[in-house]
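Student: Take a look at this one; I'll ask things after.
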Amino acid sequence: MKKENIIIGAISVIGLLTLFNTYKIITSDEGRTITALDPKVSNPSQLTDNEGANFPSTLPQQNSGAQPQPITQGMPDIPKTGINFATSKKDFGKVLSTSSNSHTFVFTNTGTEPLVISNAKGSCGCTVPEWPKEPILPGDKGEIKVVYKPNGQSGKQTKQVTVTANTNPANSILTITGDIQADPNAPKPQPISPLDAAAM
């Protein structure tokens, strides 16, 4: 009888310790069930059942300090090739603010796959590129025409065109510069009379 009482007592102590440890894990800051109180977790349902300090996730952890990867919009998953521009910079020198300035950048497909340009975008609306929409075969050349209209800008200006293609890296940068001068023949803005200003 005494031996049975000792066994029952030992089982009771083990049960109490188990309950105590479970309660401690659930209510501690390191437990997984209070993640809803954590301001870093906006939606606790996004966590998996095995996440938490005492229950490490089997999923790979994201590195919060990692830089976001650039998104290449509209670039399908096709084999990579190479691109080489004869020159990637154009200096227009001194140009009038009312002028339209164009330059053609010539490139070569230096890889072994067809080159597909999915996009070419100027850094502002004053810089407009045109690019070939059909694939450029390996070894062939292509052209990207860029038109720059300063339209009221002044002083030294630098603009960029980002060309996105099935290359590595996916983006190539073309740069145009110019020293924008005021056009002495440009029409002067008419002064607004007080009566016209009141009517506006």
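Where a number appears in this text, it was derived from the coordinates with a stated rule and is not lab data. In this text the structure is predicted, and so the values were computed from the model without any measurement. Here the Cβ is made from the backbone with ideal geometry for all residues, glycine too, and neighbour counts use every protein chain on show.
Student: Please compute the modelled spin-label separation between Lys141 and Asp183, points set 7 Å along Cα→Cβ, answer in nm with one decimal.
Tutor: 3.2 nm
Student: Could you work out how much longer the chain between Leu96 and Thr18 gets when fully extended? Use 0.36 nm per residue separation minus the Cα distance between them, nm to one decimal.
Tutor: Here the segment from Leu96 to Thr18 would lengthen by 19.8 nm.
Student: Next question. Can you compute the label reach from Lys89? Point 7 Å from Cα along the Cβ direction, backbone N cut-off under 17 Å, restricted to region 128-168.
Tutor: 156-162
Student: Let me ask you something else. Grab the Cα-Cα distance for Ile6 and Asn171, subtract it from 0.36 nm times how many residues apart they are, and report the gain in nm with one decimal.
Tutor: 51.8 nm
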